Amino acid sequence: MKAIRVHEFGGPEVMKLEELPNLSPGLGQVVVTVKAVGVNPVDSYIRTGTYYLKPPLPYTPGMDAAGTVEALGEGVESVEAGERVYVAGTLSGAYAEQTLCDASQVHRLPERVSFAQGAGVNVPYATAYRALYNRAHGQPGETLLVHGASGGVGIAAVQMARAGGLTVIGTAGTEKGRKLVLEQGAHHIVDHSKEGYEEEIMALTKRRGVDVILEMLANVNLARDLTLLALRGRVAVIGNRGSIEINPRATMQRDLSILGLTLMNATKEELVSIHAALVAGLESGTLNPVVGREMPLGDAPLAHRAVMEPGAYGKIVLIP
């Protein structure tokens, strides 16, 4: 099989397309023939070697993929050979024609969802769900601000929050992105590249502020986020690329909470609950991953450059 391999940490160019032996499942394991691979910003962070998770070299990047079950190890009863699935983490890496998974990492992909869409489920949708419900405890009737709503996690959050009865305000920096966010269910859209966008958000809430913020770029926005939250508001930090100075008094005045998270810290119990909800949403159509760009597997270096660029629009997917 062909797979992307990383033999040293560094820039996108360290990823090389190589030929590897086909995979075989062990006890409780599943081999999936990969039809599409999801590219996430975290894949890029790990590749640099500066992320807190550092895999042993050499390794195959990626956590998200969709395809069909190729082979089952002893004791696996949750899926069947030939079944359409998406994977939520892997044992061998996702940027490949095959991936080896623990059975608990493999989830049924409804027929209405394409493989390219399925490759965009795990990190974006599970992260959005964990941020909104497990960490920020979003409730029907509350107002949610999705800051950076046109990317994979942002679109996931907009869809699930709208279905969950929250009033959704999204921000995006391009006209194309803002149109997408409205199409995916946001009640309101704001241009976060425009000076004074904070005032527009406060006006939309009749100056009360928002209850929850999902923040994709905390090093730029966190200080301003604290001015936009209502009494007992919560901001869940999903993405960050540097340091920022804030005044803690801003949190004291209105009992605000800053909540950090990473999907890797989710418990097994959380993951079971999260993916049960995601599969149900995919089946019903309330969750509908948006694929912004498809690229050949060998273009992984180009995909890693693209996923870090501003102006996110849906999900970048690699096709083996």
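Rule-based calculations on the coordinates, nothing more; no lab input. As the structure is a computational prediction, the values presented were derived from the model and not from experiment. For neighbour counting, all protein chains shown are included, and Cβ atoms are generated from backbone atoms with ideal geometry for every residue, glycine included.
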Next item on the list: Using 0.36 nm per residue of separation minus the Cα-Cα distance, give me the extension gain between Tyr45 and Glu200 in nm, one decimal.
Entry: 52.5 nm
Checklist line | Antiparallel %, DSSP beta bridges [both residues in the range 124-264], to 5 | finding: 0 percent
Next item on the list: Can you give me the three principal axis dimensions of the range 124-264 from its C-alpha atoms, in Å, biggest first?
Entry: 38, 35, 31
Notebook entry, point to check: Roughly how big is the chain's charge dipole about its Cα centre, with Cβ charges of +1 (Lys, Arg) and -1 (Asp, Glu), in debye to the nearest 20?
Noted result: 800 debye
Notebook entry, point to check: Alpha carbon centre of the range 71-117 versus the range 183-216: separation in Å?
Noted result: 38 Å
Item checked: Gaussian network model of the chain, Cα within-10 Å springs - most flexible of Arg84, Arg254, Arg130 -> Arg254
Item checked: Label point distance in nm, Ile244-Asn265, each placed 7 Å from Cα along Cα→Cβ -> 1.7 nm
Notebook entry, point to check: Between Leu302 and Thr251, what is the FRET efficiency for a Förster distance of 30 Å, r being their Cβ-Cβ separation, to the nearest 0.05?
Noted result: 0.15
Notebook entry, point to check: Which value in nm describes the separation of the simple spin-label points at Leu91 and Ser273, placed 7 Å from the Cα toward the beta carbon?
Noted result: 2.8 nm
Margin query: For the chain, take the longest principal axis of its alpha carbons; what is the angle in degrees between that and the long axis of helix 268-284, to the nearest 10 within 0 to 90?
Written below: 90 degrees
Check: For the modelled label position 7 Å from the Cα of Leu20 along Cα-to-Cβ, which residues of the range 78-104 have backbone nitrogen atoms closer than 19 Å?
Finding: 86-104
Next item on the list: Pull out the extension gain between Arg208 and Ala81, defined as 0.36 nm times the separation in residues minus the alpha carbon to alpha carbon distance; nm, one decimal.
Entry: 40.4 nm
